[in-house]
1. Hey, among the residues in region 200-226 that are over 20 Å from residue 128 (Cβ atoms) and among the polar types (S, T, N, Q), which one's surrounded by the fewest Cβ atoms within 10 Å (Cβ to Cβ)?
2. Among the residues of region 216-242, which ones are part of a loop (DSSP other than H, G, I, E, B) and either small (Gly, Ala, Ser) or in contact with a Gly (Cβ under 8 Å, 6 or more places away or on another chain) (or both)?
3. Can residue 126 be described as closer than 30 Å to residue 224 by Cα and either touching a residue at least 12 places away in the same chain (Cβ under 8 Å) or assigned to a loop (DSSP other than H, G, I, E, B) (or both)?
4. Hey, can you tell me all the residues within region 147-205 that are more than 25 Å from residue 306 (Cα to Cα), aliphatic (A, V, I, L, M) and in contact with a strand residue (DSSP E or B) (Cβ under 6 Å, 6 or more places away or on another chain)?
5. Can you confirm whether region 112-121 contains a residue that is at pLDDT 95 or above, closer than 22 Å to residue 82 by Cβ and either assigned to a helix (DSSP H, G or I) or in contact with a Lys or Arg (Cβ under 7 Å, 6 or more places away or on another chain) (or both)?
6. For region 4-34, give me each residue that is open to solvent by less than 50 Å² (accessible area, probe 1.4 Å) and either hydrophobic (A, V, I, L, M, F, W, C) or touching a residue at least 40 places away in the same chain (Cβ under 8 Å) (or both).
7. Starting from residues that are in contact with a Gly (Cβ under 6 Å, 6 or more places away or on another chain) and touching a residue at least 24 places away in the same chain (Cβ under 8 Å), keep the ones in region 307-344 and report whichever is surrounded by the most Cβ atoms within 10 Å (Cβ to Cβ).
8. Name the one entry in 229, 197, 233 that is modelled with pLDDT under 95, surrounded by 18 or more Cβ atoms within 10 Å (Cβ to Cβ) and not small (Gly, Ala, Ser).
Amino acid sequence: MGIKQIAKLANVSIGTIDRVLHKRGGVSKETEEKILKIIKETGYQKNMMASRLKLASVKKIKFAVLIPETGDKYSYWKLPKKGISKAVDELKDLGVKVDYYQFAGSSASFKEAAQQIFLKSYDAIITVPFFEKECNTILKKAKSKNIPVVFLDTEIKLNEPSHFIRQNSHVAGMVAGRLLHGLVGNEGKYFIVNIINDLGIQVNNKQREDGFRAFFKSIGQNVDIKTINHPLNDSFKATPEMQSWNNDTHLKGIFVTNSRAHRLPEIIKEYKVQNTFIVGFDLNKKNLEYLKNDQINFLINQQPKYQGYAAIKGLFNFLTKQDDSELNLDIPVEIIVKEHLTSL
């Protein structure tokens with residue numbers, strides 16, 4: 001059923017149908033009610049994709065993406081960027097384009113990059129909720145301009161209702177606790193390795209640490225757990241405590257709450273540490289290499305490529321169909337072992 005058929009049934013012109021569909025006015029209330037009744041009875045739905053295709057050459061849908069730098073130190077962020085690029089490529093004929101903005105890991109850098117976004121005109125913003133104050137500022141400005149915002153990777157409490165595409169970091173930490181407990185038991189020692197930025201422990205690292213500790217509390221075990229933090233922008237170096245591990249005969253479980261688990265096997269080898277098991281996050285090349293060689297025991301995959309892809313697709317559906325059903329996604333915890341490598 002198209003608008004020509006609707007017009008024929010209503011005995012009006014196609015232009016009248018178009019004015020009713022787009023709420024442009026200039027139609028009597030009686031005629032409008034008659035047309036809306038026919039639309040309801042026939043189940044007519046506007047072909048949004050066809051309309052979007054016609055508009056693509058003259059009006060673009062522009063996304064601003066604000067994520068950490070994607071160099072060697074922040075290689076994780078290459079993955080959601082790949083997902084974003086894939087979605088944009090699929091939608092390019094419909095007029096979708098994206099501009100990338102990056103920050104160096106500090107709140108000041110994030111704030112500066114966010115300010116640049118609002119100097120231009122965008123239809124939607126994709127970013128990460130690493131800095132509460134700065135994210136609240138983005139949400140407030142975006143709301144005033146009617147710009148939807150989607151956050152990737154982590155969920156935090158913000159002043160405005162917000163959209164998140166992420167894995168539950170607390171649950172992921174509990175899963176890591178269960179995995180390591182199966183290897184290390186109640187008598188071993190546990191270590192949590194976090195990243196810190198200028199405001200302290202990164203939000204998702206802290207949520208994962210809390211989940212890890214919560215697991216042991218849930219099974220009634222008061223095990224020895226120590227936290228080791230290292231600065232985001234510094235090379236990972238062994239702490240004095242790490243250097244002493246070679247003299248400790250206890251089983252040791254190390255939970256790296258970020259994508260840098262591959263740094264630990266190097267330290268373990270350097271100091272000839274025995275009886276050590278490692279759980280980390282994300283499927284970057286170095287992590288997978290150590291997983292293959294049994295130097296990392298488990299990796300938790302939060303599917304960052306899919307997160308980026310889903311953010312673009314979800315926002316596109318919202319902007320073109322007013323469908324917000326895909327703007328909030330909880331990515332399941334996926335455990336990767338070396339046997340998976342042939343299929344990755």
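The values are calculated or read from the model by the stated rules, or taken from the named source; none is laboratory data. Small disclaimer: the values here were computed from a predicted structure and weren't measured. Heads up, the Cβs are rebuilt from the backbone with ideal geometry, glycines too, and the neighbour counts pull from every protein chain shown. Quick note on the areas: whole protein, heavy atoms, side chains included, nothing else; ligands and nucleic acids left out. Shrake-Rupley method; radii C 1.70, N 1.55, O 1.52, S 1.80 Å.
1. 222
2. 220, 223, 232, 233, 235, 238
3. no
4. 180, 183, 184, 192, 193, 196, 201
5. yes
6. Across region 4-34, the qualifying residues are 6, 7, 10, 12, 17, 20, 27.
7. Checked region 307-344; the qualifying residue surrounded by the most Cβ atoms within 10 Å (Cβ to Cβ) is 308.
8. Testing whether each residue is modelled with pLDDT under 95, surrounded by 18 or more Cβ atoms within 10 Å (Cβ to Cβ) and not small (Gly, Ala, Ser) leaves just 197.
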